[in-house]
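Have a look at the structure below, then the notes.
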Amino acid sequence: MTTTGARAAQVREVRRRLARDGPPRTRAQEGDFETVTVPEQHCDQLRDVMIAEGAETVVEVGLAYAGSALAVGEALATTDRPNPRHVIIDPFQESEFFNAGWDLLCSAGLDAIATLMVTPSSLALPQLVREGFVADAAFVDGSHRFHEVFVDLYFLRKVVRPGGLIVIDDDWWPPVHTAVHYYERNLGWSVIPDAFPAEGIGAGPPGRRGARCKAFRLPDPSFEPSFEDFRAF
């Protein structure tokens, strides 16, 4: 097995163990892992989307128990680009999740390419912008409050390169969907069809409709619309 194949296999094994046995520790709430984490099926789809994108640099908002982060890590190991980098933002990883997600990433060997920013995304993302950080893709599963999702997406469109990829988890929640819809209506974000073809599974709103996860392609070149062209969302 090649070095690349061995790295990807190591990540897959940790992913399988997480799906089978759960994380080494969880918060006190019953069923917290099942409620918080992205289901394995959607993580497989996320991995495949990132591989198809050929992503080398990814920024992720939200770590928790690392289901999605391991999927991104598997994609980066599989594509084997020269300088893979995975920046993860989660202000609660230490205080609420007892570093369970980060420890899983380390056990998969992904700490060699991953950086954890234990600070709110509203502060971490502007810092990345100031540093000139550029990502090929992003995965967003942080706060589900409308105003905080909106701010995350505002800065991510400055972090992710023109023509890059932004994947949203929990689009079926109205605050998340509404924030995303502004960017779709006014800033030219386009849905990538069939990126997440399966029916949405996991903890969602009562009477939920539509997909849980959605992938969007950013326009290339990027543009700033006139305030006169505002489209209600």
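Some observations on this one:
- For the stretch 73-156, the square roots of the Cα gyration tensor eigenvalues, ordered a ≥ b ≥ c, give a/c of at least 1.5 with a/b no greater than b/c, which places it in the oblate category.
- Protection proxy ranking for 219-232, 144-157, 179-192, 119-132, using the average of other Cβ atoms within 10 Å per residue and placing the highest first: 144-157, 179-192, 119-132, 219-232.
- Compared with the dominant principal axis of the Cα atoms in the chain, helix 174-186 is inclined by about 50°.
- Near VAL176: Cβ cut-off under 14 Å, other residues only, Lys/Arg at +1 and Asp/Glu at -1. The net charge is -2.
- Euclidean distance between Cα centres, the stretch 211-233 to the stretch 94-110, Å: 34 Å
- Among 18-28, 79-89, 96-106, the order from most to least packed when residues are scored by Cβ within 10 Å on average: 96-106, 79-89, 18-28
- Across the stretch 152-161, computed HN-Hα scalar couplings (Karplus, 6.51 cos²θ - 1.76 cosθ + 1.60, θ = phi - 60°) run 4, 5, 4, 6, 5, 5, 8, 8, 6, 4 Hz from first to last residue, x flagging Gly and Pro.
- Cα shape, the stretch 166-233, gyration tensor, a/c 1.5 rule: oblate
- Positive dipole terminus of the chain, leading residue within PRO205, ASN186, GLY54 (C-beta point charges): GLY54
- Solvent-accessible area, 1.4 Å probe, carbon plus sulfur percent, for the stretch 124-233: 54 percent
- Taking amide hydrogens as placed 1.01 Å from N in the peptide plane, the amide H of VAL160 sits under 5 Å from those of ALA135, each at least 5 positions away in sequence or on another chain.
- Relative contact order of the stretch 145-233, pairs being alpha-carbon contacts under 8 Å that are 6 or more residues apart, as %: 39 percent
- Å² per residue, accessible surface of the chain at 1.4 Å: 47 Å²
- Among 133-142, 4-13, the peptide with the highest mean count of other Cβ atoms within 10 Å heads the list, and the full ranking is 133-142, 4-13.
- Prolate/oblate/rounded label for the stretch 1-157 (Cα gyration tensor, a/c 1.5): oblate
- Dipole moment magnitude, nearest 20 debye, the chain about Cα centre, only Lys, Arg, Asp, Glu C-beta charged: 140 debye
- Helix 3-21 and the longest principal axis of the Cα set of the chain meet at an angle near 90°.
- Interchain or long-range residues, amide H under 5 Å from PHE139's placed H: VAL59, GLU60, VAL61, VAL167
- Largest-first ellipsoid semi-axes for the stretch 90-233, taking √(5λ) over the Cα gyration tensor eigenvalues, angstrom: 26, 20, 15
- Given +1 at the Cβ of Lys and Arg, -1 at the Cβ of Asp and Glu and no other charges, the dipole of the stretch 79-140 around its Cα centre is 240 debye to the nearest 20.
- DSSP bridge analysis restricted to the chain gives an antiparallel fraction near 25%, rounded to the nearest 5.
- For the chain, the longest principal axis of the C-alpha atoms and the axis of helix 40-53 are separated by about 70°.
The values are calculated or read from the model by the stated rules, or taken from the named source; none is laboratory data. Just so you know, these numbers come straight off a predicted model, no measurement behind them. FYI the Cβ positions are ideal-geometry reconstructions off the backbone, even for glycines, and counts take in every protein chain you see. Note: areas computed on protein heavy atoms with side chains; ligands, DNA, RNA excluded. Shrake-Rupley method; radii C 1.70, N 1.55, O 1.52, S 1.80 Å.
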